[in-house]
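The next block holds one structure in the form of structure tokens; read it before the comments.
The values are calculated or read from the model by the stated rules, or taken from the named source; none is laboratory data. These figures come from a predicted structure and were not determined experimentally. Glycine also receives a Cβ, built like all others from the backbone with ideal geometry; neighbour counts cover every protein chain displayed. Ligands, DNA and RNA are excluded from the accessible area calculation, which covers all protein heavy atoms including side chains. Shrake-Rupley method; radii C 1.70, N 1.55, O 1.52, S 1.80 Å.
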Amino acid sequence: MILCLVFIAVAVTAVIVMWRGLSGGKCEDKNSECRYDIDALKKTDTNLLIRTGVCFIKPSISNLKALAVDCSDNIYVGGNTGIEILDSAGIRISGFAISEPVHCLSVSPYGDILAGLKDHIEVYGRDGTRKAVWKSPDFKTELTSISASSTFVFAADYVNRIVWRYSPGGELLGRVGDKDNAQRKTGFVVPSAFFDVSVANDGSLWAASPGQHRLEHFSPDGGFISYWGKAGLDAKSFCGCCNPSNFALMPDGSFVTSEKHIVRVKVYDPEGRFKGIISGQEEWSKGAVGLDLAVDSRGRILVLDPQAGTVRLYSKM
Amino acid sequence: MPGTCKGMQTELTKPQSRRDFIRGILRNVFLAVLACFGGTVILRKVCLKADGADHGKACSGCPDLVRCKSPYSWLARPVSTRRTVWQLDPAKCIQCGRCATNCVLRISAVKCVHRFEMCGYCKLCFGFFQPGADTLTSAAENQMCPTGAIRRKFIEEPYYEYTIDESLCIGCGRCVKTCGAFGNGSLILQVRHDLCVNCNECSIARNCPAGAYRRVPADEPYLFKPASQNT
């Protein structure tokens, strides 16, 4: 009788062990979930953070897409419904409606507001009066960035992977960054809808080539000068398939860049050497993307957060 | 009262006469027609709502009929489209790796699918290369895919085309995870219906931690993220 009970107990134990083994334990599932911990790659090294103060500005218009600053440090934000003008402290001055969503925004040295709509540029005065509508350069054009100097206006077109060069009056003068197989010029590499340009103090053009993880420098007439930047997951490099998504030039010629995927805002010196991180992934929502940048004359960095509908203003401490 | 009981017993076991039998058939047909009619009326009420599929118009010819969430919409559908199959919603998928191990088939019916219209044809593709790969070559140690199912083909400098060899793909979703985390998210997992045996209770769906599996109409068996979600 006892022998029989022992035999049954052993048999039941064997069945339980086999069943747990064959069905796969929880441990195995846990390991498979943790195998590629991308979140670990997104942690910011706190030693690289630059100490800054931050304040949040909440414009009244929704679906923010574009950000610009004029020479008087007034802030311009563009969204689906129009453009809003704020003073340097973030207090609303005025605003006006536009029939189409604003994709990008710039303020010319003459004080005109250049609004990049899907495929063309419209020029507005500060009171909201439309001064001009520039003709679309190409039927496929989708503008992602505008920057203006006193002599030229540059507009980045991510579908054609080209920068259009205009006169301040709106005459199309040429293209910058054309692909040329004969001269082994690859042109801009723009895998997604993020392609930024910025004019330096000397009138030369800086343009991002996100697919090559670099910023390219051109003379005002569109001749290639140089580039800097490399791909990598470390803080000094640009991560992912296509970064920097946005950048801006500081008054001293330094660069502020923003990246997607691993969301971070970083500062590089005028030679492209890494200086530090202004803001890391931890300060942003997981899906934060399209962080447009602007820098005012005092060196304060403005970052657009389209998901939260705010503008963050970083200033040195 | 005994008579009533006797009558009920007779009705439950067999019809009293041929007339009662025909009457019963007619009654059931009438109830079925009434149910169909009621279902259609309810469907029309749903569509009359502001977010209704066709804003109160008749169901026939409605372009959203196949995707209509109303439980009665199947009444208006052609018989051939009422069949449903299992599919994985890429918007909910968290690439946990269970699709590779929980399918009843020896090699999972879930495969990586590449949406070329979303792809950037990047030289540095995070679906193909391990994050932090030393060199951008197709050496095995640089590749993300454990079975080498992604083919990398040079197009022109600096563009490369990536294609999936489905005979090698096991549906682990590693490439999908890194493509979504660092790239445009053009790689997604999908149940391939030339392989899926369409179990009544899908073994992967039962174990999916994200609840990404659902039944979809057989004539629209794939779920894709819109190309506008390109990041």
Quiz item: A:Y227 fails exactly one of the following numbered conditions: (1) without any contact (Cβ under 8 Å) to a residue 24 or more places away in the chain; (2) hydroxyl-bearing (S, T, Y); (3) open to solvent by less than 30 Å² (accessible area, probe 1.4 Å); (4) touching a His at 6+ places or on another chain (Cβ under 8 Å). What is the number of that condition?
Solution: (3)
Quiz item: Looking at this structure, is A:D252 of a type in the set (D, E), surrounded by fewer than 21 Cβ atoms within 10 Å (Cβ to Cβ) and away from every other protein chain (no Cβ under 14 Å)?
Solution: yes
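Yes/no matrix, rows are residues, columns are (1) of a type in the set (S, T, N, Q); (2) not in a strand (DSSP E or B):
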position	(1), (2)
A:R126	no, yes
A:K135	no, yes
A:F139	no, yes
A:I146	no, no
A:S150	yes, yes
A:A155	no, no
A:W164	no, no
A:R175	no, no
A:D178	no, yes
Quiz item: From the list B:P146, B:P131, which one is within 12 Å of another protein chain (Cβ to nearest Cβ) and surrounded by fewer than 15 Cβ atoms within 10 Å (Cβ to Cβ)?
Solution: B:P146
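Each row is one residue, and each column tells you yes or no for (1) under 14 Å from B:D89 (Cα atoms); (2) open to solvent by 30 Å² or more (accessible area, probe 1.4 Å); (3) more than 14 Å from chain A (Cβ to nearest Cβ); (4) among the acidic types (D, E).
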| position | (1), (2), (3), (4) |
| --- | --- |
| B:E141 | no, yes, yes, yes |
| B:S167 | no, yes, yes, no |
| B:C175 | no, no, no, no |
| B:L189 | yes, no, yes, no |
| B:P209 | yes, yes, no, no |
| B:R214 | yes, yes, yes, no |
Practice problem: Filter segment A:275-297 down to residues that are open to solvent by 30 Å² or more (accessible area, probe 1.4 Å), free of Cβ contacts under 8 Å to residues at least 40 places away in the same chain and not basic (K, R) and give me whichever is farthest from the other protein chains (Cβ to nearest Cβ). | Solution: A:E283
Quiz item: In segment A:258-267, which residue that is away from every other protein chain (no Cβ under 14 Å) and in contact (Cβ under 8 Å) with a residue 40 or more places away in the chain is surrounded by the most Cβ atoms within 10 Å (Cβ to Cβ)?
Solution: A:V265
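If you go through segment A:232-247 one residue at a time, how many are within 11 Å of chain B (Cβ to nearest Cβ) and out of contact with any helix residue (DSSP H, G or I) (no Cβ under 7 Å at 6 or more places or on another chain)?
First pass over segment A:232-247, keeping only residues within 11 Å of chain B (Cβ to nearest Cβ): A:232-234, A:237-243, A:245.
Those left that are additionally out of contact with any helix residue (DSSP H, G or I) (no Cβ under 7 Å at 6 or more places or on another chain): A:232, A:234, A:237-238.
So the count comes out to 4.
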Exercise. Count, please, the residues in segment A:47-72 that happen to be out of contact with any strand residue (DSSP E or B) (no Cβ under 7 Å at 6 or more places or on another chain) and either of a type in the set (S, T, N, Q) or crowded, with 16+ Cβ neighbours inside 10 Å (or both).
Key: 4
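Given the criterion of a type outside the set (D, E, K, R) and more than 14 Å from chain B (Cβ to nearest Cβ), identify the matching residue among A:G229, A:G169.
Numbers: A:G229 fails: more than 14 Å from chain B (Cβ to nearest Cβ).
Exactly one of A:G229, A:G169 is of a type outside the set (D, E, K, R) and more than 14 Å from chain B (Cβ to nearest Cβ), namely A:G169.
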Quiz item: Looking at (1) at pLDDT 60 or above; (2) not assigned by TED's automatic domain parsing to the domain that holds B:L187, can you tell me which one B:E11 breaks?
Solution: (1)
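Being surrounded by 22 or more Cβ atoms within 10 Å (Cβ to Cβ) and on the phi < 0 side of the Ramachandran plot is true for just one of A:S192, A:S167. Which residue is that? Give the derivation first.
Working: A:S167 fails: surrounded by 22 or more Cβ atoms within 10 Å (Cβ to Cβ).
Exactly one of A:S192, A:S167 is surrounded by 22 or more Cβ atoms within 10 Å (Cβ to Cβ) and on the phi < 0 side of the Ramachandran plot, namely A:S192.
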Quiz item: What number goes with the only condition from (1) among the aromatic types (F, W, Y); (2) in contact with a strand residue (DSSP E or B) (Cβ under 6 Å, 6 or more places away or on another chain); (3) closer than 26 Å to A:P270 by Cβ that A:Y166 does not pass?
Solution: (3)
Quiz prompt | Among the candidates B:F126, B:F154, B:F116, residue that is facing another protein chain (nearest Cβ under 9 Å), among the aromatic types (F, W, Y) and on the phi < 0 side of the Ramachandran plot | solution = B:F126
Practice problem: Of all residues in segment A:201-219, count the ones that are part of a loop (DSSP other than H, G, I, E, B), touching a strand residue (DSSP E or B) at 6+ places or on another chain (Cβ under 7 Å) and open to solvent by 20 Å² or more (accessible area, probe 1.4 Å). | Solution: 1
Self-check item: All positions within segment A:146-164 that are open to solvent by 10 Å² or more (accessible area, probe 1.4 Å) and farther than 15 Å from A:E122 by Cα
Solution: A:S149, A:S150, A:T151, A:F152, A:Y158, A:V159, A:N160, A:R161
Exercise. Under 8 Å between Cβ atoms, at least 6 apart or on separate chains: pull out the pairs that start in segment A:88-104 with a residue that is of a type in the set (S, T, N, Q) and end on any residue that is not in a strand (DSSP E or B).
Key: A:S88/A:S72; A:S88/A:D73; A:S88/A:N74; A:S88/A:D296; A:S94/A:R126; A:S94/A:D127; A:S94/A:G128
